[in-house]
Amino acid sequence: LQHIRGRHTLTDDALVHKLQGYNNFPNEILQNKVALRYFLRIIRNDFSLSDQLINAQITKTTVPLVTFCGADDPDIPTQVMMEDWQQHTEKFLGCHTLEVDHFYFLNQRSLRQLFMTIEACLMHETYV
């Protein structure tokens with residue numbers, strides 16, 4: 001994920017341009033200056049946390065882990081990047097690709113698929 005490093009330092013205009021590259025980022029937020037300012041702060045913090053995780057030595061956990069990504073996410077060019085999370089847990093429950101982009105949780109069909117997969121993982125006998 002080295003290619004996303006430093007995004008928290010982008011100017012507001014550059015960050016907005018980057019967000020527009022995610023096809024499903026809500027236009028309602030982009031067109032509302034107050035909402036945009038609010039969400040840019042959150043997104044900038046998210047990118048900052050991502051940078052910290054990239055630099056951190058992550059301790060392997062016994063907590064089950066499942067990963068999700070969007071098939072058209074410009075930040076995740078291959079599913080292998082998400083499958084690499086298995087090195088951080090003793091109980092990797094798989095990587096699931098949803099047929100949308102980065103903001104897969106904004107798509108109702110993908111959200112249903114996400115919840116069904118999480119439910120299946122929770123019910124999986126190796127989890128118990």
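Here are some notes:
- Search result, residues across segment 91-118 that are polar (S, T, N, Q), over 14 Å from the mean Cα position of the chain (by Cα) and either closer than 12 Å to ASP73 by Cβ or open to solvent by 80 Å² or more (accessible area, probe 1.4 Å) (or both): GLN108
- Every test in (1) farther than 28 Å from GLU119 by Cα; (2) open to solvent by 90 Å² or more (accessible area, probe 1.4 Å); (3) at pLDDT below 90; (4) among the hydrophobic types (A, V, I, L, M, F, W, C) is passed by VAL34 save one, and that test is (3).
- Total residues in segment 9-19, condition farther than 14 Å from ASP75 by Cβ and within 16 Å of the chain's Cα centre (by Cα): 0
- The residues of segment 14-31 that are farther than 20 Å from PHE105 by Cβ and out of contact with any Leu (no Cβ under 9 Å at 6 or more places or on another chain), listed by number, are ALA14, GLN31.
For (1) part of a helix (DSSP H, G or I); (2) touching a strand residue (DSSP E or B) at 6+ places or on another chain (Cβ under 7 Å); (3) surrounded by 12 or more Cβ atoms within 10 Å (Cβ to Cβ); (4) in contact (Cβ under 8 Å) with a residue 40 or more places away in the chain, each residue gets a yes or a no:
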residue	(1), (2), (3), (4)
LEU19	yes, no, yes, no
PHE25	no, no, yes, yes
VAL63	no, yes, no, no
PHE68	no, yes, yes, yes
ILE76	no, yes, yes, no
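The values are calculated or read from the model by the stated rules, or taken from the named source; none is laboratory data. It should be emphasised that the depicted structure is a prediction, and the values quoted were computed from it without experimental measurement. Quick reminder, even Gly has a Cβ in these numbers, built from the backbone with ideal geometry, and neighbours come from all protein chains shown. In case anyone asks, the SASA skips ligands and DNA or RNA and just uses the protein heavy atoms, side chains included. Shrake-Rupley method; radii C 1.70, N 1.55, O 1.52, S 1.80 Å.
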